[in-house]
Amino acid sequence: MSQLIEVKVPDIGDFDAIPVIEICVKVGDTVKLDDALVTLESDKATMDVPSSAAGVVKEIRVALGDKISQGAVVAVIEAAAAESKPAPKAEVPTPAAPAPVAQAPAPAPAKSAPAPQPVAAAAPSPASGGTHASPSVRLFARELGVDLSRVPASGPKGRIVKEDITAFVKGVMSSGASAGGASLGGGLDLLPWPKVDFAKFGEIEVQPLSRIKKISGQNLARNWVMIPAVTYHEDADITELEAFRLKMNKEAEKAGDVAAASVKVTLLAFLIKACERGLRKFPEFNSSLDGDNLVLKKYFNIAFAADTPHGLVVPVVKNVDQKSVTEIAAECAVLAKKARDGKLSPAEMSGGCFTISSVGGIGGTSFSPIVNAPEVAILGVSKSVMKPVWNGKEFLPRLILPLSLSADHRVIDGAQGTRFTAYIAQVLADMRPALL
Ligand code: CAO
C-alpha cells in the first residue's frame, strides 16, 4: 500500500526565507531515503533538503528562486508506508564552515528525520577550488572521479548541476579530451590507446602483468608525465676506485675475514657514498616539492633500483652518512636478496631521498632514468669501459663510468644539475676525502 508524504523543510535554525537554488529531482523520479530533493542557499550556507521517504516524486511544490523557511513543503513523495521516516525532528545546520569537496555528506542523525546538510560556504573555499555544487552533485562527481574544478557550470549562480558532470564525462570518454572536446589546458589531450588485434598478424600469447609491474608502471607513468626532468650525462674516471675496490675484496679474502669476504664490496656501495657527499654539498637534491614549498631533508636515505623476476623494486638504505662503504655493501646485498625473493617490507622501500639506478652490471652507455617522486633526482649508472684518455701529453687507458642524472627542472636548473653530476664524478675519481 502506498502513502503520500509531504517532505518539508525541517528546522534550519536561524535561517529564514532561503532561496531555492537547485531542484534536484523531477516529477516521476524514483528517490531513495535521504536523496536530496532541493538545495537551498543562504548567504552563509548551502544545504540540501533530503527526502524523508523512498518512493516516487508525485509533486514538486517549489520553484527555483522561491524563498522558503522551516515547514515549507518542497515535494510530495508516494511511498510505501514502511519506508517512510518518522516526522521530521529539528536538526540545526552547522554554520557555513568551508567543507572539503571530498567529504561525503554527513549521514542523517539516527532516529531523526534527515536534516538539511550544510556542505559549503557560499564563498568559495580553498578546498572546493571555488566550485559551487550541491552535496548530491559533489557525491556524484566523487563517485565518477571527476575533478569539479574542471567542470563548466550551467546552473544558476554558476553552480555545477548533475547534467554538467554527465556532459563532462561524456566529453572525456568520447574524445579523450577535456569537457566538450575543448582543452581546458590542465589535462593531456591524448588519443585513445590503439586497439590492435595482434592475432591477425601472427601467433601471440597474452600474459597478465605482475602485481609489481602494475604498481610500478602507474608510478612511472605519473612521474614521467608530471615531472619536467632533464638528464645530465657525465663520465667518471673510476680507474683508481676500481683498483682499490678489487684490492679491498682480495685482501678480505686473503685475510680470511669471513664476514668481509662473504660480502663483496660493490661499486654500488661506493656510488651510494658518493651520492651522499653530493646531497650534502647540494642540499636541494635532497628535497621534495610540496606545493609551493621545498622540503629539505637533513637525513640521507638512498634508494637503489633492483631488478627482480617480478619487476622493478626500490629498496632504501637508511642513514648512509652513518655507515661505512662495507656496511652499505652488506646492507645492499641483504636488500637485493630480499628484493629478488619478494620479501622486502614496505618500511624497507620507503623514506628514500635520492635513487640510484645502476644497470652497469648488464651494459649500456647512457640512459634517462625516471625521477622517483617525490624525490627530485635520480642517478643512472651504465657500464664502465676502458677508454683512451688524453692527459695533455699522451693517451692513457682509463676506466670510465658513464653517469646519467635526471633531475626535476622545477627544483634543479641546468647549471646545478651539471655541477652535481660533475661533483659525483669528481668524488668517484678520488674517493679518499669521502672515505675519511
Ligand atoms: N660497470 C661495469 N661493471 C659493473 C658495473 C658497472 N657500472 N656495475 C656492476 N658491475 C659488475 C660488478 O662488478 C659485477 O662484476 P663481478 O661479478 O665480476 O664482480 C657484476 O657487474 C654484477 O654486479 P651486480 O649487478 O650483481 O651488483 P651491483 O651491486 O652492481 O648491482 C643491483 C646490484 C641490485 C643494483 C643489480 O643487481 C640490479 O638489479 N641492477 C639493475 C637495476 C635496474 O634494473 N635499473 C633500471 C631501473 S629502471 O627500469
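Every number here is computed from the coordinates shown, using simple stated rules; none is lab data. Only a predicted model underlies this, so the values are computations on that prediction, with no experimental measurement involved. Note that each Cβ is placed from the backbone with ideal geometry, even for glycine, and that neighbours are counted across all protein chains shown.
Exposure proxy shown here: for ARG245, ARG432, the number of other Cβ atoms within 10 Å sets the order, fewest to most, as ARG432, ARG245.
Annotation for GLU394 and LEU209: the two label points, set 7 Å from Cα along the Cα-Cβ direction, are 5.5 nm apart.
Once both labels are positioned 7 Å from their Cα atoms along Cα-to-Cβ, the gap between THR326 and LEU191 label points is 5.9 nm. Highest-first packing order for the peptide set 15-23, 265-273 is 265-273, 15-23, based on the mean count of other beta carbon atoms within 10 Å. Neighbour counts of C-beta atoms inside 10 Å place VAL73, VAL49 in the sequence VAL73, VAL49, starting with the fewest.
Here each label is just a point 7 Å from Cα along the line to Cβ, and for GLN3 and THR365 those points are 8.4 nm apart.
Peptides 397-407, 375-385 ranked from most to least packed give 375-385, 397-407, packing being the mean of other C-beta atoms within 10 angstrom over each peptide's residues. Rounded, prolate or oblate for the stretch 212-337? Axes are the square roots of the Cα gyration tensor eigenvalues, ordered a ≥ b ≥ c, and the cut-off for rounded is a/c under 1.5. The shape class here is prolate.
Each residue of the stretch 54-66 is assigned a 3J(HN,Hα), and the resulting list reads 8, x, 10, 6, 9, 8, 10, 9, 10, 10, 4, x, 4 Hz, derived from the Karplus form 6.51 cos²θ - 1.76 cosθ + 1.60 (θ = phi - 60°), x at Gly and Pro. Let me check I've understood the local charge: for ASP35, count other residues with C-beta under 10 angstrom from its C-beta, Lys and Arg +1, Asp and Glu -1. What total comes out? Within the 10 Å Cβ shell, the charges total -2. This ranking places MET431, MET248, MET226, MET173 by how few other beta-carbon atoms lie within 10 Å of each, fewest first, which gives MET173, MET226, MET248, MET431.
The H on the amide N of SER358, modeled in the peptide plane, is under 5 Å from the matching H of ALA305, VAL381, each at least 5 residues off or on a different chain.
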